[in-house]
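Enquirer: Can you keep this structure in mind? I'll have questions shortly.
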Amino acid sequence: MDAVNVAVRLRPVLPREPVDAASNWHVAGRSITCTKATNASFTFDHVFDHTSNNEGVFEAIAAPIVQSTLAGFHGTIFAYGQTSSGKTHTMMGSQREPGIIQLALDEIFAIIAESANRMFLIRVSFMEIYNECITDLLNPGSTNLKVHENKEREVFVGDVREENVTSIDEVLRLLKFGEKNRHIGCTDMNERSSRSHTIFRMTIESRECEQEVEGSDDAVRVATLNLVDLAGSERASATGADGVRLKEGGFINRSLFILSNVINKIADGDHSHIPFRDSKLTRILQTSLGGNAR
């Protein structure tokens with residue numbers, strides 16, 4: 001695994017927020033400074049200010065991962081942050097501003113169109129993890145799905161629906177269908193708060209068009225690209241959550257805590273025990289986070 005790259009993006013100020021809220025943060029290169037209190041500075045692989053757009057984020061962060069997937073390496077792109085921080089906008093985008101998923105599709109099919117010497121097969125699936133229960137968003141009647149491991153120790157979700165696709169339009173149609181089945185709720189911080197994690201997975205297989213020379217190790221490439229829209233971390237006092245919303249927030253925060261532990265151990269090179277099995281999210285992504293991945 002090459003690295004875990006972390007980028008921070010400031011979103012524009014919302015109408016309900018103080019107009020000078022953006023001035024609380026100062027961006028300089030790869031560093032961001034909190035000017036409101038302690039002037040504490042933090043450095044990341046990339047920092048994007050509130051004027052950034054999805055295309056700029058994609059080119060800097062996501063495009064290399066997408067390109068590596070087509071070369072045979074697993075890849076995962078997360079949008080992580082508190083509720084109402086703009087994660088879904090970054091991943092899904094809008095009609096005016098395509099998100100990471102749309103831009104990734106453009107990149108994938110553009111590369112395929114230019115690769116006259118290779119044949120490609122693409123399968124997609126779309127899963128939701130809601131209160132640690134896995135549902136197939138392409139077949140919403142299929143819920144409480146189980147995570148399995150095959151003889152090659154590859155992790156997969158049983159009975160999840162996979163669709164073969166040959167065009168961007170086909171993928172977008174499936175995305176739109178799946179998004180309608182996702183759990184959405186209202187909190188004090190967000191009228192349309194994602195109450196679940198979603199994993200949009202593309203499995204890309206390719207091989208040379210001509211018969212390979214015997215013994216070649218480049219006959220078939222298989223890799224998965226996971227595009228993950230995480231539910232936002234929450235404080236009940238800020239969101240006004242109670243009852244069902246409070247329960248959802250507890251599951252969300254626990255799984256995000258486990259994900260942060262897994263990523264920290266991978267980034268630090270500590271492979272003594274990585275707690276992939278502690279949540280459904282990290283278990284599903286185990287191969288793509290800790291295996292043949294970039």
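The values are calculated or read from the model by the stated rules, or taken from the named source; none is laboratory data. Not measured: the values here are computed from a predicted model. Cβ coordinates were reconstructed from backbone atoms using ideal geometry, including for glycine residues, and neighbour counts include every protein chain displayed. Side chains are part of the model used for accessible areas, which takes the heavy atoms of the whole protein and leaves out ligands, DNA and RNA. Shrake-Rupley method; radii C 1.70, N 1.55, O 1.52, S 1.80 Å.
Enquirer: Given the C-alpha centroids of the range 1-50 and the range 259-294, what is the distance between them in whole angstrom?
Expert: The range 1-50 and the range 259-294 have Cα centres separated by 26 Å.
Enquirer: Okay, moving on. Please give the direction-averaged projected area of the C-alpha convex hull for the range 54-98, in square nanometres with one decimal. Numbers along the way, then the final one.
Expert: Values: hull surface 14.3 nm².
About 3.6 nm², averaged over all directions.
Enquirer: Please compute one quarter of the surface area of the Cα convex hull for the chain and express it in square nanometres. Please report the intermediate quantities before stating the final value.
Expert: Working: hull surface 69.0 nm².
Its Cα hull, projected and averaged over all orientations, spans 17.2 nm².
Enquirer: Given a 1.4 Å probe and the protein chains all in place, what does the accessible area of Arg11 round to, in Å² to the nearest 10?
Expert: Taking all protein chains as shown, Arg11 has close to 70 Å².
Enquirer: A further question on this structure: Which of Phe58, Phe200, Phe177 moves the most in a Gaussian network model of the chain with Cα springs under 10 Å?
Expert: Comparing Phe58, Phe200, Phe177 in the GNM, the peak value goes to Phe177.
Enquirer: If you don't mind, another one. Summarise the accessible area of the chain (1.4 Å probe, protein heavy atoms) by the percent that is carbon and sulfur. If you can, show how the numbers build up before the last one.
Expert: On the way: 7720 of 15580 Å².
Taking all protein chains in place, the chain shows 50 percent carbon and sulfur surface.
Enquirer: Among 123-130, 23-30, how do they line up from the highest to the lowest mean number of other beta-carbon atoms within 10 Å? Provide the component values of the computation, followed by the final result.
Expert: Details: 123-130: 22.8, 23-30: 13.0.
The peptides rank, most packed first, as 123-130, 23-30.
Enquirer: Write down the radius of gyration of the range 63-147 and its Dmax, each obtained from C-alpha positions, in Å.
Expert: When restricted to the Cα atoms of the range 63-147, Rg and Dmax are 15.6, 45 Å.
Enquirer: If you count only protein heavy atoms with a 1.4 Å probe, what accessible area per residue comes out for the chain, rounded to a whole Å²? Please report the intermediate quantities before stating the final value.
Expert: Details: 15580 Å² over 294 residues.
Counting only protein heavy atoms, the per-residue value for the chain is 53 Å².
Enquirer: Still on this model: Please list, in order along the range 148-153, the HN-Hα scalar couplings obtained from phi with the Karplus expression 6.51 cos²θ - 1.76 cosθ + 1.60 (θ = phi - 60°), rounded to whole Hz, x for Gly and Pro.
Expert: Running phi through 6.51 cos²θ - 1.76 cosθ + 1.60 with θ = phi - 60° gives 10, 9, 8, 4, 7, 6 Hz.
Enquirer: So if the hydrodynamic radius of the range 134-176 is defined as the Kirkwood radius over C-alpha pairs, what does Stokes-Einstein give as its diffusion coefficient at 37 °C and 0.692 mPa s, in µm² per second? Walk me through the intermediate numbers first.
Expert: Working: Rh = 11.9 Å.
After rounding, the answer is 275 µm²/s.
Enquirer: A further question on this structure: Taking amide H positions as placed in the peptide plane 1.01 Å from N, state which residues far from Ala79 in sequence (5 or more) or on other chains have amide H under 5 Å from it.
Expert: Val228, Leu230
Enquirer: Using only the alpha carbons of the range 3-60, what is the convex hull's orientation-averaged projected area in square nanometres? Write out the running numbers ahead of the final one.
Expert: Values: hull surface 18.7 nm².
If you wrap the Cα atoms of the range 3-60 in a convex hull and average its projections, you get 4.7 nm².
Enquirer: Which ³J(HN,Hα) values, rounded to whole Hz and listed in residue order, are derived for the range 62-75 from phi using the Karplus coefficients 6.51, -1.76 and 1.60 in 6.51 cos²θ - 1.76 cosθ + 1.60 with θ = phi - 60°, glycine and proline given as x?
Expert: Taking θ as phi minus 60°, the curve returns 8, 4, x, 5, 4, 5, 5, 4, 5, 8, x, 10, 5, x Hz for the range 62-75.
Enquirer: A follow-up question, please. Work out from phi, with θ = phi - 60° and the Karplus expression 6.51 cos²θ - 1.76 cosθ + 1.60, the ³J(HN,Hα) of each residue of the range 10-26, listed in order in whole Hz, and give x for Gly and Pro.
Expert: Running phi through 6.51 cos²θ - 1.76 cosθ + 1.60 with θ = phi - 60° gives 8, 8, x, 5, 7, x, 7, 9, x, 5, 9, 4, 5, 6, 6, 10, 10 Hz.
Enquirer: Another question, if that's okay. I'd like to know which of Leu103, Met127, Thr76 lies farthest towards the positive end of the charge dipole of the chain, counting +1 on Cβ of Lys and Arg and -1 on Cβ of Asp and Glu.
Expert: Met127
Enquirer: Which of Thr198, Ile65, Asn54 sits farthest toward the positive end of the charge dipole of the chain, with +1 on the Cβ of Lys and Arg and -1 on the Cβ of Asp and Glu?
Expert: Farthest towards the positive pole: Thr198.
Enquirer: Hey, another quick one. With every atom except the alpha carbons ignored, what do you get for Rg and Dmax of the range 1-147, in angstroms?
Expert: Considering the range 1-147 through its Cα atoms, Rg and Dmax are 18.4, 57 Å.
Enquirer: Ranked highest first by average number of other Cβ atoms within 10 Å, how do 43-51, 139-147 line up? It would help to have the intermediate numbers written out before the result.
Expert: Numbers: 43-51: 15.0, 139-147: 13.1.
Ranked by mean Cβ neighbours within 10 Å, highest first: 43-51, 139-147.
Enquirer: Solvent-accessible area of Glu205, probe 1.4 Å, all protein chains present, reported in Å² to the nearest ten, please.
Expert: About 50 Å², ignoring ligands and nucleic acids.
Enquirer: Shifting gears a bit: Which FRET efficiency, nearest 0.05, do Ala28 and Val6 yield, Cβ-Cβ r, R0 22 Å?
Expert: Working: r = 17 Å, r/R0 = 0.77.
According to the calculation, E is roughly 0.85.
Enquirer: Under a crude label model (7 Å from the Cα following the beta-carbon direction), how far is Met119 from Ser142 in nanometres?
Expert: Modelled inter-label distance: 2.6 nm.
Enquirer: Rounded to the nearest 0.05, what FRET efficiency do Glu149 and His271 give with R0 = 22 Å and r taken as the Cβ-Cβ distance? Could you check? Each step should come with its number before you reach the end.
Expert: Details: r = 18 Å, r/R0 = 0.81.
With R0 = 22 Å, the Cβ-Cβ based efficiency is 0.80.
Enquirer: Only Cα pairs within less than 10 Å get springs; with that Gaussian network setup on the chain, which residue of Gln95, Gln67, Gln82 has the largest fluctuation?
Expert: Maximum among the listed residues: Gln95.
Enquirer: Moving on. Please work out how many pairs of lysine residues in the chain are eight or more positions apart (or on different chains) and have Cα atoms closer than 18 angstrom.
Expert: Step by step, the pairs that qualify in the chain add up to 5.
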